[in-house]
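One structure below.
The values are calculated or read from the model by the stated rules, or taken from the named source; none is laboratory data. Keep in mind it's a predicted model, so treat the numbers as computed, not measured. All Cβ positions, even for glycine, are placed from backbone atoms using ideal geometry, and neighbour counts span all protein chains on display. SASA here: full protein model, heavy atoms, side chains in, ligands and nucleic acids out. Shrake-Rupley method; radii C 1.70, N 1.55, O 1.52, S 1.80 Å.
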Amino acid sequence: MATSTEALARPHKKKSKLGWNLLGLLVFATAGFPVYWMLNTALKPSKDAIDPSPHFFPRSFTLENFRRALDIGDFWGSIGRSLIVSVVVVVIGIAVGLLAALAISRFAFRGRKIVIIGILAVQMVPLVAMIIPVFLLLNDLGQYDKLSGLVLTYLTFILPFTVWTLRGFIVNVPKELEEAAMVDGCSRTGAFMRVVFPLLAPGMVATSVYGFIQAWNEYLYALMLMSQNHQTATVWLSNFTTQHGTEFAPMMAGSTMMAVPIVALFLLVQRKMAAGLTAGAVKG
């Protein structure tokens, strides 16, 4: 009887697995099509990019759009400034965010709930609503049109995200592991560094990557707070929109080159990213 039940259940499991596979392919195609179309447009001749009847596969390939993109504005300078800002924001965000997340996760202090609610509330405020106060504050501090001012601005919305995400990873590490290490002779700091910190590494990598992407892709503040001589990579893309129209093919070539650092970063940390995403930063 059990054998017949198992035999009947097998086709159902196969159908269920096939359904999930098809759903996964649909999600992949939906998410990947814009990337494919960006590459498709970047490799087309400019006249084909504005064809009212676009072709799914390009009829001819050219690298002229990439050369054109490199000749417009200060591409390498913009990329360098974006890299500097993004890396500094991630380093400061992870260093400060880890300490803050550890404090609200492991220690009971007066006002702890208020701090947690404040972190959530900050993330709910639209970035565009703070552009004028941020501009006035940076201008008073002498940080307008400076990379340091842009770093401070990005930390205002990336740091709360970092704290909240790392808090979830820390909560998932049992306190008993630290207590056992302290019983064996470790100090609280030693127990954290030897036991907890290695377990948090995948979560820190995942959080760092998402923080880097947020800083790299930010456009509004970079546009409003930096002059044309100090523009970042996202603002550099606006050089393709002129009074004569938009150069879509070179713009897509520039976007493709801008995506290279992000893709390279994912390839370098993909294993840690997978471990961090499956570590379950949802408890607590």
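For the range 145-207, what is the charge dipole size about the Cα centre, in debye to the nearest 20, if Lys and Arg each add +1 at the Cβ and Asp and Glu each add -1 at the Cβ?
So the dipole magnitude of the range 145-207 works out to roughly 140 debye.
Among Phe197, Gln214, Phe135, whose Cα sits farthest toward the positive end of the charge dipole of the chain (+1 at Cβ of Lys/Arg, -1 at Cβ of Asp/Glu, about the Cα centre)?
The listed residue farthest towards the positive side: Phe197.
Over all alpha-carbon pairs of the range 168-263, lay out the pair-distance distribution in 5 Å bins, whole %, shortest bin first.
Binned Cα distances yield the sequence 2, 11, 14, 13, 12, 7, 7, 8, 8, 7, 5, 3, 2, 1, 0.
With a ≥ b ≥ c the root eigenvalues of the C-alpha gyration tensor of the range 144-211, is it rounded (a/c under 1.5), prolate (a/b larger than b/c) or oblate?
Prolate, since a/c reaches 1.5 and a/b exceeds b/c.
On the principal axes of its Cα set, how long, how wide and how thick is the range 37-98? Give whole Å, largest value first.
So the three principal-axis extents are 51, 25, 17 Å.
May I ask you to order 91-97, 51-57, 148-154, 263-269 by the average number of other C-beta atoms within 10 Å around their residues, highest value first?
Put in order of decreasing packing, that is 148-154, 91-97, 263-269, 51-57.
At 222 nm, what value in deg cm²/dmol follows for the chain if DSSP H runs of at least 4 each add -39500 (n - 2.57) and the sum is divided by all its residues, to the nearest 500?
It comes out at -24500 deg cm²/dmol, rounded to the nearest 500.
Within the accessible area of the chain, what % is carbon and sulfur when the probe is 1.4 Å and the other protein chains stay in place?
Here carbon and sulfur together make up 70 percent of the probe-accessible area.
Find the centroid of the Cα atoms in the range 111-175 and in the range 176-243, then give the distance between the two in whole Å.
12 Å
Quickly rank 116-122, 83-89 as a protection proxy: mean count of other C-beta atoms within 10 Å, highest first.
83-89, 116-122
Lys47 to Asp140: extension gain in nm, 0.36 nm per residue of separation minus the Cα-Cα distance?
28.7 nm
In square nanometres, what is the average projected area of the Cα convex hull of the range 53-148? Don't jump to the answer; show the numbers that get you there.
On the way: hull surface 48.2 nm².
In nm², the orientation-averaged hull projection of the range 53-148 is 12.1.
Express in nm, to one decimal, how much length is gained between Thr62 and Arg110 on full extension, taking 0.36 nm for each residue of separation and deducting their alpha carbon distance.
Result for the pair: 10.9 nm of gain on full extension.
Would you work out which of Ile72, Phe107, Leu120 lies farthest towards the positive end of the dipole of the range 55-131, given +1 charges on the beta-carbon of Lys and Arg and -1 on that of Asp and Glu, about the Cα centre?
Phe107
Report, in debye and to the nearest 20, how large the dipole of the chain comes out about its Cα centre when Lys and Arg carry +1 and Asp and Glu carry -1 on their Cβ.
Numbers: 23 positive and 14 negative charges, 216 e Å.
For the chain, the charge dipole is close to 1040 debye.
With only alpha-carbon atoms in the gyration tensor, what are the semi-axes of the equivalent ellipsoid for the chain, in Å, largest first?
40, 33, 16
Give me the accessible area per residue for the chain, probe 1.4 Å, as a whole number in Å².
On a per-residue basis, the chain sits at 60 Å².
Would you please put 160-173, 231-244 in order of how densely packed they are, using the mean number of other Cβ atoms within 10 angstrom per residue and starting with the highest?
On the way: 160-173: 21.6, 231-244: 17.7.
My ranking of the peptides, most packed first, is 160-173, 231-244.
Taking the Cα centre of the range 131-284 as origin and charging only Cβ (+1 Lys, Arg; -1 Asp, Glu), how large is the dipole, in debye to the nearest 20?
Dipole about the Cα centre, nearest 20: 340 debye.
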